[in-house]
Each structure stands twice: as structure tokens, then as C-alpha cells.
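Single-structure report; data block below.
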Amino acid sequence: MFHSHRCFCILCATLTALLALLLMLAAQPAHAADPTKPVSFINTVAPLLKEKCFGCHGAKNPKGKLDMTKYASFRKGGTKDDPVVPGKPDDSYLITVLTATDKKRMPPKDSGDPLPKDKIELIERWIGQGAKLDAGLKPEADLLRELRLRWTPPPPPAAYPYPVTITALAFTPDNKKVVVSGHHELTVWDAAGGKLEKRIYTRARRAMAMVFLPDGKLAVAGGRPGEEGDVRIYDINGGKPKNVNGVAVLDGLNDKGVMVKQLLDADDEVLCLALSADGKKLASGGCDRLVHIWDLSGGYAKVKELPSIENHADWVFGIAFTPDGKRLATASRDKTAKLWDIAAKESILTFPGHQNPVYGVAIKSDGSTGYSVGEDNQLRSWKAAAEGKQIRASGGHGKVILKLVSHPKKPLLATCSADQTVRIWDADKGSAVRTLSGHSDYVYAVAISSDGNLIVSGGFDGEVRVWKVADGALVKAFNASPGLQVATKAPAKK
Ligand code: HEC
């Protein structure tokens, strides 16, 4: 299992627990103290339904034909009538299922605990007050989207209590700095010295992919696992930075000079990005199984979204354009890599060779060959035409291969793996040219500089390593968790 997806890191867990505690403390007295206070559907009821019910009562194939993700469809009912009788909680089927002890109970016994009593009481009170929708909300509004709009991200920790898992990396266009994914931020470090230079706060909890555009802006894909996903374009040299102890802090949430354009707002994380060779098209893939494509040639004011393509049965983890920009290769958790014709919105070929989730994909610079990596520890090459026949499978990595990138100038590929190494491969021969060792945890992200001279990798433990492609020499290693206090193993004795 690709354990980067759901973030189980101690930092997230601690912050989430803390936040939950604060919310509880803030919310409870108001509800408990004043039973006449109006209960808001969107702020109180909808979050409960989202947490406990949307999983089975979503917009796609809802159980009992009851789609709860819109007020209107929820009140329309499913195979049965409206589950709510305004003013009469005791007559409402919704309360019947929430309080049932037999097989009627929702959520069903085998899929979770019942709602706590105080939460059911809130829903009863909302029904008793007329089961009203909040003013300003349309009955047809997508509740997931409305809840997202009401969520404000926490600021990143000033100093990280625990290392942040690195899920995405990019060299700046001048190849002197590295942009690294943080916790609700991007951080910029001097590649040669490992000094923190900039922090760019983001709405996304983490970035999963980054690519610099021809004008020097940075496209970033990411989100919050299971909650939301986005693709946004940032100007990491724009806006009004604040100087905090010598580090420039940019507000990528509110400063329009920093977050210049949002391209996508999704219900779950966006996992990968690709830019066409001519720099005009950007494509993304993610947990919604869709491939989104944008034409950026008209500038940010006139971005054109092309029709999205859907054919993978599961998350899309990796994406790459063919050199002519007419086709896209994708890698999916559905155990296949695919090649698509963008204009025809058709899959041209499916490569099933991994027989396991596929995490990364690349295309040879002449368009003839596809490369893919995944859960089976193999780098596989296949003909990017006809039936997509496998050319070669190359072993070497001792554990799953998590990412694959192409060298911008030479026929080389780079991979990173849960086996704690990075490998550089001769793409044509399928042989490992070099193994870069030194990480002591899963390596989740790898990137090569645009001049082809440097390679950077980042891991589960927050460690970033910059190396020379030519001889594998380490240029710099540093932990990219700002302000991290490195734990001392044993207490000092006197
Ligand atoms: C694990 C899946 C699952 C979850 C989670 C779940 N349900 Fe259901 N729900 C079902 C299934 C299956 C049915 C259809 C049962 C039947 O028709 O006998 C259903 C039917 C219903 C119905 C009747 C719909 C109709 O018109 O027939 C209501 C109301 C309902 N659920 C409410 C809820 C609420 C409220 C929650 C959250 C607290 C919830 N469900 C969570 C699976 C689920």
C-alpha cells in the first residue's frame, strides 16, 4: 500500500487532535447551554452527514438511492420518501435510522459506530426547528464544496515539532534553489547550502506534484487526503513577502500576487502534474480518477480547460506528455499504465505488465517508448504504440518504486523507492547507472534540474539530498522541516 496517501504522520495527527479539541471546546458550551439557539444545517448537520454518511450516500451510486451531498436530493429521499418531517423529529425516518439498534441503524453496524447522542440531539433540534437550509445556500448546492469554502487552513507551524514527509520537490528555473512540500506550505531552500530562504503558505495541506511553467510561475497539485484537492499557480517571487528572522514568508492564501490562479477544486487530492514540451499544456491526475488538461497558451486570464478524460478505474498517480503534446501517458492504482489521445479523448493502449499499482510514468523523447514503475519494484519499458508490448523489466530496487522522472537532456531516468535509495537508469538499456544511497527512510520524491546536472530527493523523514547526476556525489543533505529541533537520543549526563 502506498502509505503516502493518507497522512498518518505524527504532525498531522497531533494537529488534527488539537484542532478537534479546540473545536469541541468552542462548540460544546453553545450547544449544551442554549437549546433554543438555531442549529445551522451547513455548519452543524452537514459536517456530521459528511463524516458518517457521504461515503455510502454520495452523488455516485448512492446506497438506497439517497444522495445526501445536496440538501435538495437529501430531502427528496431515495427508495423511500423524504427522511425528514420538518418540525417532527419523532416522525422523521432520519432519526429512526440514527437511533435504531437493529439492522436499520445508520451507519450500518459493520461500518462504524453510531453517531454520539449529543450529535443526534443536534440533528433532532434542527428538524424540530423546521429543518431549514441556511440563508444564502441553494438547495442544489454541492455540500462538499460548500463545506470546503467554509474551511480555513491553519498556518504552518513556526517551528516543526516533527519532521514533515516530503511528497514533492522541484528545482527553481535557475537550478540554484529547491522548492519542497511542507505542512500547509511550500519551502524554498538554497540547493548548495541547505539554507531556508522562503516559506509560501498554501491552502493545501501538502503538495503532491510541482512543475515550473515557462514564465517562471510554479504549478502545484495537492490537497488534503479525502477532503479536497487543488491545482494552483504560484508566483514564488511575487506578492508582499514578510521578513521573519531572515526568511521571506509569502501568503499563498490571500495574496493575489502569490497565488495567481486556481485551476482546479476537487473533492480529493490531486496527485500528479505534467507540462507539455512546448510549455502550453498542463495536465493533472488524482484521486477522482480523472485527467484534467488546461491550455495555458492564452495566459492565465484565458486558461482553457479541455474536456477531462476518465477511464482509469482508480487513482491516477503519474502523468506525462508525449513530446508532440498530443498524447498523455498515465499511471494508476488500477494496476495499469495507459496512453491517451487527447483530441479523441480515447485510450490508445493499456499496459498491464505491473499487475500491481503503477506509481510513475515517463515517455522517451522520441515518443517511441513508455516507461513505468510501481508496487512490483520494477522499471518497465513498453512500446508506445500498437498493443504496448513490454520491451523490458528492470529490477534492482528492493521495495516499491514511488516516482519516476526523465532527465531533460540525456536518455536517463531517475527513480526513488521505499528501499531508501534513488537510482539513475540508462533508459535504453534498462540498466542502473548509479544507486544513490544515504537516505534512511522511504524516498517519496525526486526531481532533476533543468540543466540536467543536479538531482534532488526527499523522504518520509523530511530529509532532502541534493546530488550531482554525473558522479552521484552528494552536494548537500538537510532536513526540510523549518525549525525542527533534532531530537537527542539520550538525555545528557553530567
Ligand atoms: C456503509 C454504507 C452506509 C453508510 C456509511 C450509511 N448508509 Fe444509509 N444506507 C445504506 C444502505 C445499503 C441503504 C439501503 C438499505 C435498504 O434499502 O434496506 C441505506 C439507506 C439509508 C436510508 C434510507 C434511504 C431510502 O430512501 O431508502 C437512510 C435515510 C439512510 N441510509 C441514512 C443514513 C445516514 C443518516 C447515514 C449517516 C449517519 C448513513 N445512512 C450512512 C448504507 C450506508
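Please treat every number below as a calculation from the coordinates, not as lab data. Predicted model only: the values in this text are computed from it and were never measured. Quick reminder, even Gly has a Cβ in these numbers, built from the backbone with ideal geometry, and neighbours come from all protein chains shown.
In the stretch 35-150, a dipole from Cβ-located charges (positive for Lys and Arg, negative for Asp and Glu) runs towards its positive end, and of I95, G78, I123 it is G78 whose Cα lies farthest in that direction. Bridge orientation summary for the chain: considering DSSP beta bridges with both residues in this region, about 95 percent are antiparallel. Sorting 405-416, 218-229 by average packing, meaning the other beta carbons within 10 Å per residue, from highest down gives 218-229, 405-416.
Please list, or write none, the aspartates and glutamates whose alpha carbon is within less than 12 Å of the alpha carbon of K345, excluding same-chain residues fewer than 8 places away. Counting by Cα, and skipping residues close in sequence, K345 has these aspartates and glutamates nearby: E310. Relative to the longest principal axis of the Cα atoms of the chain, the long axis of helix 10-33 makes an angle of roughly 20 degrees. Based on C-alpha pairs under 8 angstrom that are at least 6 apart in sequence, the stretch 169-479 has a relative contact order of 10 percent.
Would you list K63, K281 from fewest to most Cβ contacts within 10 Å?
By the 10 Å Cβ count, ascending: K63, K281.
3J(HN,Hα) couplings calculated from phi for the stretch 223-228 with the Karplus curve 6.51 cos²θ - 1.76 cosθ + 1.60 (θ = phi - 60°) are, in sequence order, x, 10, x, x, 10, 6 Hz; Gly and Pro show x. Simple rule: put +1 on each Lys or Arg Cβ and -1 on each Asp or Glu Cβ in the chain, find the dipole, and look at V422, I363, I200; the Cα lying farthest toward the positive end is V422.
Kirkwood Rh over alpha-carbon pairs of the stretch 35-150, then Stokes-Einstein at 25 °C and 0.890 mPa s: what D in µm² s⁻¹, rounded to an integer? Roughly 172 µm²/s, to the nearest whole number. From most to least packed by mean Cβ count within 10 Å, the peptides 46-52, 315-321 give 315-321, 46-52. Which pairs break 22 Å Cα to Cα here: K281/K476; K60/K326; K138/K304; K80/K109; K176/K198? Violating the 22 Å Cα-Cα cut-off are K281/K476; K60/K326; K138/K304. Taking the alpha-carbon distance from K37 and a cut-off under 19 Å, which aspartates and glutamates remain once sequence neighbours fewer than 8 residues away in the same chain are dropped? Counting by Cα, and skipping residues close in sequence, K37 has these aspartates and glutamates nearby: D118, E121, E124, D134. The label-point distance for Q262 and K109, in a model that sets each label 7 Å from Cα toward Cβ, rounds to 4.3 nm. Helical content alone sets the calculated 222 nm signal of the chain at -4000 deg cm²/dmol, taking -39,500 (n - 2.57) per DSSP H segment of four or more residues and averaging over every residue. Go through V180, A384, S372 and say which Cα lies farthest out towards the positive end of the charge dipole of the chain; charges sit on Cβ, +1 for Lys and Arg, -1 for Asp and Glu. Going by the Cα projections, it comes out as V180. Amide hydrogen proximity for A277: with H placed 1.01 Å from N in the peptide plane, the residues at 5 or more positions away or on another chain lying under 5 Å are G325.
Work out, in µm²/s and without decimals, the Stokes-Einstein translational diffusion coefficient of the stretch 305-436 at 37 °C, 0.692 mPa s, Rh from Kirkwood over C-alpha pairs. Answer from the Stokes-Einstein relation: 227 µm²/s. Taking a straight line from the alpha carbon of K50, these aspartates and glutamates sit under 15 Å away, with near neighbours fewer than eight places off in the same chain left out: D67, D113, D142, E146, E227, E228, D267, D268. Annotation for the stretch 262-331 versus the stretch 107-184: alpha-carbon center distance of 24 Å. Along each principal axis, taking the top coordinate minus the bottom one, the Cα set of the chain gives 74, 69, 47 Å in descending order. For the peptides 240-251, 430-441, residues were scored by their other Cβ atoms within 10 Å and the scores averaged per peptide; the highest-first order is 430-441, 240-251.
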